[in-house]
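Student: There's a structure below that I have some questions on.
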């Protein structure tokens with residue numbers, strides 16, 4: 001259970017959320033929506049303990065993140081960053097195996113079990129044939145799938161995913177969402193930053209709307225994903241279309 | 001190429017390189033003579049030459065090459081920059097200013113070594129203080145601080161060179177290009193290489209994670225700040241040990257890790273031992289050629305590392321594209 005208590009987060013002098021209280025429970029899937037620059041990534045980094053909060057605290061099962069060793073935390077909490085900011089020279093399989101790093105028992109290399117878990121994650125992300133390719137020869141979407149496979153291989157209870165669907169084509173978006181749905185059925189908790197309201201409607205049961213002025217609103221997905229809320233959130237007129245008994249929103253321009 | 005086979009090949013190359021280095025010189029020795037002299041029951045001159053001159057020299061060359069290659073691997077991981085080499089953070093600049101200033105004042109060899117050591121230490125502390133401790137840990141600030149300090153030291157070195165006279169200039173140029181003819185502190189350098197090489201291999205899994213970027217590394221369980229600090233000081237110690245042994249020998253630290261990577265091996269668990277072996281063998285070969293090709297004239301080894309290494313790497317780069 002990942003909990004934010006009176007969390008205030010700021011970056012470069014801009015407050016991205018004020019006294020936020022939220023609890024991410026096992027089996028829940030949270031969607032975070034907001035404009036560009038609203039601070040979604042910063043909030044996610046704060047929830048992962050990668051960005052120090054200005055006030056308040058984030059805790060994992062009742063323990064403040066700062067008091068937990070990174071290695072122990074990495075066994076429970078997985079993060080998919082938007083930009084890795086690094087360069088990996090090895091193969092796709094070696095890259096996905098890094099997800100096993102917090103769990104590995106030996107100083108040298110990874111066990112057969114680790115290899116098996118990494119292979120499964122590759123299959124889940126439709127990458128089995130690319131396993132031996134150097135990671136830096138992959139396309140943007142393939143790389144994103146490799147990054148997702150790495151988080152899957154980490155086998156954690158709580159997943160913080162920053163734009164997990166970026167660069168993915170429709171089939172692979174669905175595949176990734178299926179994989180996340182499976183994690184949720186197995187009792188995992190998820191929080192994902194999304195730009196696609198449709199996916200938030202279909203896959204998330206809780207939604208957090210992050211406004212540009214630092215306000216945040218969260219609640220059940222059905223209550224949050226209304227035209228009024230979304231027009232205020234994106235500061236843009238929306239049109240509501242009915243489709244297969246549901247609603248979907250498109251920009252009204 | 002499978003890393004295990006490459007490891008065995010490089011072990012053979014290291015043995016061959018060391019053997020070649022022991023045989024060559026103004027008194028050429030046959031393999032059998034080298035063996036007898038090593039066992040201590042050969043002719044007097046051969047034994048003398050081997051134990052007093054050649055063995056320390058080839059061991060120094062091997063160790064120096066290994067130190068530089070390892071330092072290069074660690075700095076490329078720390079700075080997440082493939083262009084990082086042992087000299088990028090200004091450590092060699094500080095050492096050069098110290099060494100050259102001592103030479104200009106006509107100091108003894110020991111005093112010169114001490115001055116270069118002091119210069120390197122000053123540079124390490126300055127870069128660490130300015131680049132690391134200030135506010136948040138930003139690796140680009142560290143890199144920039146080092147590059148700026150290097151530029152300053154480069155200017156000071158040019159000034160010292162213009163102030164120097166005749167013979168002094170030659171000694172200075174030899175130091176700047178790298179020269180293994182005074183292998184002092186050999187035992188210390190080997191201890192540094194073996195201890196840090198072993199530590200780096202043990203922690204190699206974390207290095208693989210660390211090159212993925214700070215957020216990713218932290219999310220996978222690395223205490224990034226502590227790792228960066230440890231890497232910085234380990235690389236600094238390796239560089240200082242190499243500078244003390246052979247001056248500022250270029251090319252080895254930058255290119256040996258890339259040579260191994262071009263062969264398709266990038267996991268640090270293999271990259272570290274393979275780079276050390278390749279760097280050591282390579283420097284033994286370069287140094288042997290530097291002291292024998294135009295003997296009795298001895299050329300600075302730094303010239304040969306580039307002369308030999310550039311075609312080799314250009315070939316690897318071209319072959320890698322196929």
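A quick yes/no check of all residues on (1) more than 14 Å from every other protein chain (Cβ to nearest Cβ); (2) more than 30 Å from residue A:52 (Cα to Cα); (3) without any contact (Cβ under 8 Å) to a residue 60 or more places away in the chain; (4) assigned to a helix (DSSP H, G or I):
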residue: B:170; (1), (2), (3), (4): yes, yes, yes, yes
residue: B:174; (1), (2), (3), (4): yes, yes, no, yes
residue: B:192; (1), (2), (3), (4): yes, yes, no, yes
residue: B:235; (1), (2), (3), (4): yes, no, no, yes
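Student: Looking at A:167, A:218, A:172, A:195, which is the one that is surrounded by fewer than 21 Cβ atoms within 10 Å (Cβ to Cβ) and assigned to a helix (DSSP H, G or I)?
Tutor: Numbers: A:167 fails: assigned to a helix (DSSP H, G or I); A:218 fails: assigned to a helix (DSSP H, G or I); A:195 fails: assigned to a helix (DSSP H, G or I).
When all the criteria are applied, what remains is A:172.
Student: Is it the case that some residue within the range A:61-76 is within 10 Å of chain B (Cβ to nearest Cβ), outside any helix (DSSP H, G or I), within 24 Å of residue A:181 (Cα to Cα) and out of contact with any strand residue (DSSP E or B) (no Cβ under 6 Å at 6 or more places or on another chain)?
Tutor: Start the filter on the range A:61-76 by keeping residues that are within 10 Å of chain B (Cβ to nearest Cβ), which leaves A:69-75.
From what's left, outside any helix (DSSP H, G or I): A:69, A:75.
With within 24 Å of residue A:181 (Cα to Cα) added as a condition, the list becomes A:75.
If we keep only those that are out of contact with any strand residue (DSSP E or B) (no Cβ under 6 Å at 6 or more places or on another chain) too, we end up with A:75.
Within the range A:61-76, one or more residues are within 10 Å of chain B (Cβ to nearest Cβ), outside any helix (DSSP H, G or I), within 24 Å of residue A:181 (Cα to Cα) and out of contact with any strand residue (DSSP E or B) (no Cβ under 6 Å at 6 or more places or on another chain).
Student: So residue A:21 clears everything in (1) within 13 Å of chain B (Cβ to nearest Cβ); (2) free of Cβ contacts under 8 Å to residues at least 24 places away in the same chain; (3) on the phi < 0 side of the Ramachandran plot except one condition, right? Which one?
Tutor: Answer for residue A:21: the failing condition is (1).
Student: Would you call residue A:27 over 27 Å from residue B:212 (Cα atoms), touching a residue at least 12 places away in the same chain (Cβ under 8 Å) and assigned to a loop (DSSP other than H, G, I, E, B)?
Tutor: On the way: over 27 Å from residue B:212 (Cα atoms): yes; touching a residue at least 12 places away in the same chain (Cβ under 8 Å): yes; assigned to a loop (DSSP other than H, G, I, E, B): yes.
The answer is yes for residue A:27.
Student: Quick check on my filter: what residues within the range A:79-94 are within 22 Å of residue A:123 (Cα to Cα) and within 7 Å of chain B (Cβ to nearest Cβ)?
Tutor: Of the residues in the range A:79-94, the ones within 22 Å of residue A:123 (Cα to Cα) are A:79-81, A:88-94.
Answer for the range A:79-94, where residues must be within 22 Å of residue A:123 (Cα to Cα) and within 7 Å of chain B (Cβ to nearest Cβ): A:79, A:81, A:88, A:89, A:90, A:94.
Student: Specify the residue that is farthest from residue A:98 (Cα to Cα); the eligible residues are those in the range B:266-290 that are within 14 Å of chain A (Cβ to nearest Cβ) and surrounded by fewer than 22 Cβ atoms within 10 Å (Cβ to Cβ).
Tutor: Residue satisfying both the conditions and the ranking: B:270.
Student: With the structure loaded, tell me whether residue A:222 is over 17 Å from the mean Cα position of the chain (by Cα) and farther than 26 Å from residue A:49 by Cα or whether it fails that test.
Tutor: Numbers: over 17 Å from the mean Cα position of the chain (by Cα): yes; farther than 26 Å from residue A:49 by Cα: yes.
The answer is yes for residue A:222.
Student: Let me ask something else about it. Could you tell me whether the range B:238-257 includes any residue that is within 14 Å of another protein chain (Cβ to nearest Cβ), more than 26 Å from residue B:188 (Cα to Cα) and modelled with pLDDT of 90 or more?
Tutor: Taking the range B:238-257 first, the residues within 14 Å of another protein chain (Cβ to nearest Cβ) are B:257.
Still in the list and also more than 26 Å from residue B:188 (Cα to Cα): none.
No, every residue in the range B:238-257 fails to be within 14 Å of another protein chain (Cβ to nearest Cβ), more than 26 Å from residue B:188 (Cα to Cα) and modelled with pLDDT of 90 or more.
Student: So how many residues does the range B:207-219 have that are free of Cβ contacts under 8 Å to residues at least 60 places away in the same chain and over 18 Å from residue B:265 (Cβ atoms)? Spell out the reasoning first.
Tutor: Of the residues in the range B:207-219, the ones free of Cβ contacts under 8 Å to residues at least 60 places away in the same chain are B:209, B:212, B:215-219.
Adding the requirement that they be over 18 Å from residue B:265 (Cβ atoms) leaves B:215-219.
The number of residues fulfilling the criteria is 5.
Student: Identify, from the list A:223, A:186, A:129, A:228, the residue that is closer than 18 Å to residue A:26 by Cα, out of contact with any helix residue (DSSP H, G or I) (no Cβ under 8 Å at 6 or more places or on another chain) and without any contact (Cβ under 8 Å) to a residue 12 or more places away in the chain.
Tutor: On the way: A:223 fails: closer than 18 Å to residue A:26 by Cα; A:129 fails: closer than 18 Å to residue A:26 by Cα; A:228 fails: closer than 18 Å to residue A:26 by Cα.
Exactly one of A:223, A:186, A:129, A:228 is closer than 18 Å to residue A:26 by Cα, out of contact with any helix residue (DSSP H, G or I) (no Cβ under 8 Å at 6 or more places or on another chain) and without any contact (Cβ under 8 Å) to a residue 12 or more places away in the chain, namely A:186.
Student: Continuing with the same structure: Out of curiosity, is residue B:225 on the phi > 0 side of the Ramachandran plot, within 14 Å of chain A (Cβ to nearest Cβ) and surrounded by fewer than 23 Cβ atoms within 10 Å (Cβ to Cβ)?
Tutor: On the way: on the phi > 0 side of the Ramachandran plot: no; within 14 Å of chain A (Cβ to nearest Cβ): yes; surrounded by fewer than 23 Cβ atoms within 10 Å (Cβ to Cβ): yes.
Considered against the rule, which asks whether it is on the phi > 0 side of the Ramachandran plot, within 14 Å of chain A (Cβ to nearest Cβ) and surrounded by fewer than 23 Cβ atoms within 10 Å (Cβ to Cβ), residue B:225 comes out as no.
Student: Which condition does residue A:107 not pass, out of (1) facing chain B (nearest Cβ under 7 Å); (2) in a helix (DSSP H, G or I), if it passes all the others?
Tutor: (2)
Student: Would you mind finding the one in B:100, B:10, B:29 that is surrounded by 17 or more Cβ atoms within 10 Å (Cβ to Cβ) and within 19 Å of the chain's Cα centre (by Cα)?
Tutor: Values: B:100 fails: within 19 Å of the chain's Cα centre (by Cα); B:29 fails: within 19 Å of the chain's Cα centre (by Cα).
Result of the check over B:100, B:10, B:29: B:10.
Student: Separate question: In the range B:215-232, which residues are part of a helix (DSSP H, G or I) and over 14 Å from residue B:77 (Cβ atoms)? Steps first, answer last, please.
Tutor: First, the residues of the range B:215-232 that are part of a helix (DSSP H, G or I): B:215-219, B:224-232.
The answer is B:215, B:218, B:219, B:225, B:226.
Student: Looking only at the range A:193-220, count how many residues are touching a helix residue (DSSP H, G or I) at 6+ places or on another chain (Cβ under 9 Å) and over 21 Å from residue A:45 (Cα atoms).
Tutor: Step one: of the range A:193-220, the residues touching a helix residue (DSSP H, G or I) at 6+ places or on another chain (Cβ under 9 Å) are A:193-194, A:196-197, A:199-212, A:216-218.
With over 21 Å from residue A:45 (Cα atoms) added as a condition, the list becomes A:197, A:199, A:201-203, A:205.
Going through the range A:193-220 one residue at a time, the tally reaches 6.
Student: If residue B:181 satisfies every condition in (1) within 14 Å of chain A (Cβ to nearest Cβ); (2) touching a residue at least 24 places away in the same chain (Cβ under 8 Å); (3) within 23 Å of the chain's Cα centre (by Cα) but one, which is the exception?
Tutor: Against the list (1) within 14 Å of chain A (Cβ to nearest Cβ); (2) touching a residue at least 24 places away in the same chain (Cβ under 8 Å); (3) within 23 Å of the chain's Cα centre (by Cα), residue B:181 comes up short only on (1).
Student: Here's a follow-up. Could you please find all residues in the range A:101-126 being free of Cβ contacts under 8 Å to residues at least 40 places away in the same chain, more than 22 Å from residue B:201 (Cα to Cα) and buried (at least 17 other Cβ atoms within 10 Å of the Cβ)?
Tutor: A:117, A:118, A:119, A:121, A:122, listed by residue number.
Student: Further, regarding this structure: Check off (1) within 14 Å of another protein chain (Cβ to nearest Cβ); (2) part of a helix (DSSP H, G or I) for residue B:212 and give me the number that stays unchecked.
Tutor: Failed condition: (2).
Student: State yes or no: is residue B:188 surrounded by fewer than 17 Cβ atoms within 10 Å (Cβ to Cβ), over 17 Å from residue B:76 (Cβ atoms) and either within 14 Å of chain A (Cβ to nearest Cβ) or under 19 Å from the mean Cα position of the chain (by Cα) (or both)?
Tutor: Working: surrounded by fewer than 17 Cβ atoms within 10 Å (Cβ to Cβ): yes; over 17 Å from residue B:76 (Cβ atoms): yes; either within 14 Å of chain A (Cβ to nearest Cβ) or under 19 Å from the mean Cα position of the chain (by Cα) (or both): yes.
Answer is yes for this residue.
Student: Mind checking whether some residue in the range A:44-59 is part of a loop (DSSP other than H, G, I, E, B), surrounded by 14 or more Cβ atoms within 10 Å (Cβ to Cβ), away from every other protein chain (no Cβ under 14 Å) and touching a residue at least 24 places away in the same chain (Cβ under 8 Å)? Spell out the reasoning first.
Tutor: So in the range A:44-59, the residues part of a loop (DSSP other than H, G, I, E, B) come out as A:48-54.
With the extra rule that they be surrounded by 14 or more Cβ atoms within 10 Å (Cβ to Cβ), the set shrinks to A:48-51, A:53-54.
Still in the running and away from every other protein chain (no Cβ under 14 Å): A:53-54.
If we keep only those that are touching a residue at least 24 places away in the same chain (Cβ under 8 Å) as well, we get A:53-54.
Looking through the range A:44-59, at least one residue is part of a loop (DSSP other than H, G, I, E, B), surrounded by 14 or more Cβ atoms within 10 Å (Cβ to Cβ), away from every other protein chain (no Cβ under 14 Å) and touching a residue at least 24 places away in the same chain (Cβ under 8 Å).
Student: Kindly evaluate residue A:157 against the criterion of being within 29 Å of residue A:24 (Cα to Cα), more than 12 Å from chain B (Cβ to nearest Cβ) and either surrounded by fewer than 17 Cβ atoms within 10 Å (Cβ to Cβ) or touching a helix residue (DSSP H, G or I) at 6+ places or on another chain (Cβ under 7 Å) (or both). Step through it out loud before you land on a result.
Tutor: Numbers: within 29 Å of residue A:24 (Cα to Cα): yes; more than 12 Å from chain B (Cβ to nearest Cβ): yes; either surrounded by fewer than 17 Cβ atoms within 10 Å (Cβ to Cβ) or touching a helix residue (DSSP H, G or I) at 6+ places or on another chain (Cβ under 7 Å) (or both): no.
No, not satisfied.
Student: From the list B:196, B:207, which one is more than 14 Å from chain A (Cβ to nearest Cβ) and either at pLDDT 90 or above or under 20 Å from residue B:127 (Cα atoms) (or both)? Write out each step before concluding.
Tutor: Details: B:207 fails: more than 14 Å from chain A (Cβ to nearest Cβ).
Testing whether each residue is more than 14 Å from chain A (Cβ to nearest Cβ) and either at pLDDT 90 or above or under 20 Å from residue B:127 (Cα atoms) (or both) leaves just B:196.
The values are calculated or read from the model by the stated rules, or taken from the named source; none is laboratory data. Just so it is clear, the structure is predicted and the values come from calculations on it, not from any experiment. With ideal geometry, Cβ positions are generated from the backbone for all residues, glycine too; neighbour counts draw on all protein chains shown.
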